[in-house]
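Take a look at the structure below.
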Amino acid sequence: MQYPRRLPRFEYLEPKSLTEACKLLLQNDGKARVVAGGTDLIPKMKRRDVNPRALISLHGIPGLETISHSQVDGLRLGPLTTLGAVESSTIVTERFNVLYQAVQSMASSQVRGLGTVAGNLCNAAPSADTAPALMVLGTRLKLISPQRERTVAAESFFAGPSATVLEPGEILAEIQIPEVPRRSAGVYIKHTLRRAMDLAIVGVAVAITLQDDTCHNVRIALGAVAPTPIRVPGAEAILKGKGRSGDLFRRAAKEAATACQPIDDVRGSADYRREMVEVLTRRALEQAWDRCPGSTEGKR
Amino acid sequence: MQQRQRIIELNVNGETHTLAVEPQRTLLEVLRDNLGLTGAKRGCDQGYCNACTVLVDGKAVNSCLILAVRAQGKRITTIEGLSHNGRMHPLQEAFVNRGAIQCGFCTPGMVLTAKALLDANPDPSEMQIRRAISGNLCRCTGYVKVVEAIKEAARVLKTGGAA
């Protein structure tokens, strides 16, 4: 463990548009980092884990802190939208509750006031709490560079620990979360030792949409149990089109535990993590199903 | 050397300071080293302990994680700016009355975090208080008396107890 020292020198760049920011990123040829909230990057620089020659701040660009919502476009978050803003957004709590559950579990109120959702994704920690929640919401990410603009699914964004598919000169410009179907519910369970200021030993997100009494759609995503946050399509397939069944939940949970690739680290062993994936996936499936409006449990 | 420095204006506790700072200086360093405001403490220096908490535009944030250049034009409140005409803020009085202080290292951050909470929510539940200060590490008193102090301050502030 490297103790923090004062920040090293760097060039501080304040572009006036995202296009200009992309160009600066490209010009600095891998030696510059984009800074949004800075809550991950600044400590890393103090510990000398990373040593960028330049920081490209997005704070001089207007209009990047947005949380906008419409029936057609769903929920859209800007690159500077803070975790705290998402946490206190009524629309997020009411309609995209799984994201609220993830965000409120993170760090401290102070850090949430600075840190951004986009930064949590771009930092690409395997334990990033917003990632599983955004994955089960069917989120797409808009990436822009001087040459082109593309969107990728949240589950295709990560390339490894601290690595993403962002190419040189590319910036995450918008987080696009589609409108949630009516009879849906989501659950994020974060397994930690402490109730605050802790990283997930295991994170499990589940979103279910019901039609009549069967599972119309389900997404399951896991954090902290693979080199990146992952979806587990094999487990999802077990449930699609089926009715509520403890046996199916157990089979899906077992499949999730088989699909993940956890490691031993200071927070937990690989074996323990795998066990907990099974327990928590089953629990999250039960809870999400029963929270869906009009579910048999929900009616009771 | 001189081109590395930037001229920034910081509004700290109602007073505007014009400063020349290099971009790698944090707000915490500038408050402590340039302005002599040593109330905000440098604990872990990486966002874990929240002893460096100050209010930026009314929001409690870690001054060790913000570059001073980013605080340009923002309204900053440190613990030194809380008392008025030599009279302590009700939160400070409550911390003293309730014995919510031992060594005092975490206290400025605790008090300012509580101020941000009460400004946004004048009547918080115990759970809301505990959640708000959950990132503020205290290694001596424990948190019971701190929570009691914040509750007392909320009562005093609601009944119009000055400040």
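Across the range A:199-211, computed HN-Hα scalar couplings (Karplus, 6.51 cos²θ - 1.76 cosθ + 1.60, θ = phi - 60°) run 8, 5, 6, 9, x, 10, 10, 9, 10, 10, 10, 9, 9 Hz from first to last residue, x flagging Gly and Pro. Backbone amide hydrogens, once placed in the peptide plane, bring residue A:34 within less than 5 Å of A:56, excluding anything fewer than 5 places away on its chain. In chain A, Cα pairs under 8 Å separated by at least six residues give a relative contact order of 15 percent.
Solvent-free Debye calculation, one equal scatterer per alpha-carbon of the range A:88-164: log10 I(q)/I(0) at 0.14, 0.20, 0.25 Å⁻¹ equals -0.49, -0.94, -1.28. Inter-chain Cβ neighbour count for B:42-48, averaged per residue, equals 6 (cutoff 10 Å, partner chain atoms only). Within the range A:201-220, list the residues whose amide N lies under 13 Å from a label point set 7 Å along Cα→Cβ of residue A:245. The answer is A:214-215.
For chain A, modelled as a GNM whose springs connect Cα atoms under 10 angstrom apart, the maximal fluctuation among A:266, A:202, A:232 occurs at A:266.
A Förster radius of 35 Å, combined with the Cβ-Cβ distance separating residue A:9 from residue A:147, puts the computed FRET efficiency at roughly 0.65. Modelled spin-label separation between residue B:103 and residue A:287, with each label point placed 7 Å from Cα along the Cα-to-Cβ direction: 3.6 nm.
In sequence order, the range B:129-139 has phi-based couplings of 5, 4, 5, 4, 9, 5, x, 8, 7, 10, 10 Hz under the Karplus curve 6.51 cos²θ - 1.76 cosθ + 1.60, θ = phi - 60°, and Gly or Pro positions carry x. Simple rule: put +1 on each Lys or Arg Cβ and -1 on each Asp or Glu Cβ in the range A:184-293, find the dipole, and look at A:187, A:284, A:239; the Cα lying farthest toward the positive end is A:187.
Here residue B:59 is the anchor, and the aspartates and glutamates within straight C-alpha reach of less than 16 Å, apart from those fewer than 8 places off in the same chain, are A:65, A:87, B:119.
Rounded to the nearest 20 Debye, what is the dipole magnitude of the range A:67-177 about its Cα centre when Lys and Arg each give +1 and Asp and Glu each give -1 at the C-beta? Present the calculation step by step, with values, prior to reporting the outcome.
Working: 7 positive and 9 negative charges, 14 e Å.
The dipole magnitude comes to about 60 debye.
Would you mind calculating the gained length between residue A:29 and residue A:258 on full extension (0.36 nm times residue separation, minus the Cα-Cα distance), in nm to one decimal?
On the way: separation 229, 0.36 × 229 = 82.44 nm, distance 4.00 nm.
That pair, residue A:29 and residue A:258, stretches by 78.4 nm at full extension.
Of the residues B:111, B:138, B:90, the one whose Cα sits farthest towards the positive end of the charge dipole of the range B:90-158 is B:138 (charges of +1 on Lys and Arg Cβ, -1 on Asp and Glu Cβ, taken about the Cα centre). Computed 3J(HN,Hα) for the range A:231-238, one whole-Hz value per residue from the Karplus formula 6.51 cos²θ - 1.76 cosθ + 1.60 where θ = phi - 60°, is 8, 10, x, x, 6, 4, 4, 5, glycine and proline marked x.
Tell me what chain A gives for mean residue ellipticity at 222 nm when only DSSP H runs of n ≥ 4 count, each as -39,500 (n - 2.57), the sum divided by the residue total, rounded to 500 deg cm²/dmol. Don't jump to the answer; show the numbers that get you there.
Details: 12 runs with 102 residues, N = 300.
Taking each H run of at least 4 residues, the total per residue is -9500 deg cm²/dmol.
Give, rounded to the nearest 20 debye, the magnitude of the charge dipole that the protein assembly as shown has about its Cα centre when Lys and Arg contribute +1 at Cβ and Asp and Glu contribute -1 at Cβ. Before the final figure, lay out the partial values.
On the way: 60 positive and 45 negative charges, 98 e Å.
It works out to roughly 460 debye.
Can you tell me the dipole magnitude for the range B:90-158 around its Cα centre, using point charges on the Cβ only (Lys, Arg +1; Asp, Glu -1), in Debye to the nearest 20? Roughly 120 debye, rounded to the nearest 20. Could you please state how large a percent of the accessible area of the range A:184-293 is carbon and sulfur, counting protein chains only and using a 1.4 Å probe? That share works out to 48 percent. Let a ≥ b ≥ c be the square roots of the eigenvalues of the Cα gyration tensor of the protein assembly as shown; is it rounded (a/c under 1.5), or, if not, prolate (a/b larger than b/c) or oblate? Oblate shape, in that a/c is at least 1.5 and b/c is the bigger or equal ratio.
Percent of alpha carbon pairs in chain B separated by more than 18 Å?
Details: 7587 of 13203 pairs.
Taking all Cα-Cα pairs of chain B, the fraction more than 18 Å apart is 57 percent.
Compared with the alpha-carbon gap, the fully stretched path from residue A:195 to residue A:53 is longer by 47.4 nm at 0.36 nm per residue. In terms of the mean number of neighbouring beta-carbon atoms within 10 Å, the peptides A:95-108, B:115-128, A:186-199 order highest first as A:95-108, A:186-199, B:115-128. Simple spin-label estimate for residue B:11 and residue A:275 gives 5.6 nm between the two label positions (7 Å along the Cα-to-Cβ direction from each Cα).
Solvent exposure of the range A:183-300, expressed per residue, is 47 Å² of accessible area, with all protein chains present and a 1.4 angstrom probe. Each label was represented as a point 7 Å from its Cα along the Cα-to-Cβ direction; for residue A:156 and residue B:33 these points are 4.7 nm apart.
Seen from every direction in turn and averaged, the convex hull around the alpha carbons of the range B:6-81 projects onto 4.2 nm².
Peptides B:131-140, B:41-50, ordered by how many other C-beta atoms sit within 10 Å of their residues on average, highest first, read B:41-50, B:131-140.
The values are calculated or read from the model by the stated rules, or taken from the named source; none is laboratory data. All values derive from a computational prediction rather than experimental measurement. Here Cβ is always computed from backbone atoms with ideal geometry, including for glycine, and neighbour counts include all displayed protein chains. Heavy atoms of the whole protein, side chains included, go into the accessibility calculation; ligands, DNA and RNA do not. Shrake-Rupley method; radii C 1.70, N 1.55, O 1.52, S 1.80 Å.
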